[in-house]
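Notes follow the structure.
Please treat every number below as a calculation from the coordinates, not as lab data. Just so you know, these numbers come straight off a predicted model, no measurement behind them. Note that we place each Cβ from the backbone using ideal geometry, even for glycine, and neighbour counts take in every protein chain shown.
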Amino acid sequence: MGTQVSWQVELAVKPGALEDFRKLTVEMVEATQHEPGVVHYERFMSQDGTIVHVYERYMDSAAAVAHLRLFRHKFGARFANLVDRMRFTVYGTPSQELRQMLDGFGATYLEPFGGQSVE
């Protein structure tokens, strides 16, 4: 894993917000395709459309910080109106700057354990 940092977020889609959230997700995915340092940016939804899991992985903390700044500027308010964050789990060793940003999301941090992963 090295300097890479990732997170998994569990979201609850607010009642009546599913279609707007789908549209916003398309915008977010498209915008993220042009960001340097993004390794994975995936979303998974329950069949009933009420729960979304987000998985994001970045080359390093600087790339994650840049993403979060862009996200907040372009999508933050709309995103907050459509979903409730249920769980935010961070994997790796984020920088202090990134930790400060993620603390605002109520993040739980899990550090590498038991050796390096194999990809």
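Residue check: is residue 29 of a type in the set (Val, Ile, Thr), loosely packed, with under 14 Cβ neighbours inside 10 Å and assigned to a helix (DSSP H, G or I)?
Yes.
In segment 36-83, the residue that is nearest to the chain's Cα centre (by Cα) out of those that are among the acidic types (Asp, Glu) and closer than 25 Å to residue 111 by Cα is 56. Scanning segment 1-25 for residues being of a type outside the set (Asp, Glu) and either within 15 Å of the chain's Cα centre (by Cα) or not in a loop (DSSP other than H, G, I, E, B) (or both) gives a total of 15. Here residue 21 qualifies as surrounded by 14 or more Cβ atoms within 10 Å (Cβ to Cβ) and farther than 19 Å from residue 4 by Cβ.
Here the condition is being free of Cβ contacts under 8 Å to residues at least 60 places away in the same chain and in contact with a Ser or Thr (Cβ under 8 Å, 6 or more places away or on another chain); of 42, 56, it holds for 56 alone. Out of all the residues in segment 59-104, which are in contact (Cβ under 8 Å) with a residue 60 or more places away in the chain and either within 20 Å of residue 11 (Cα to Cα) or among the basic types (Lys, Arg) (or both)? Within segment 59-104, 81, 82, 83, 84, 85, 86, 87, 88, 89, 90, 91, 102 qualify.
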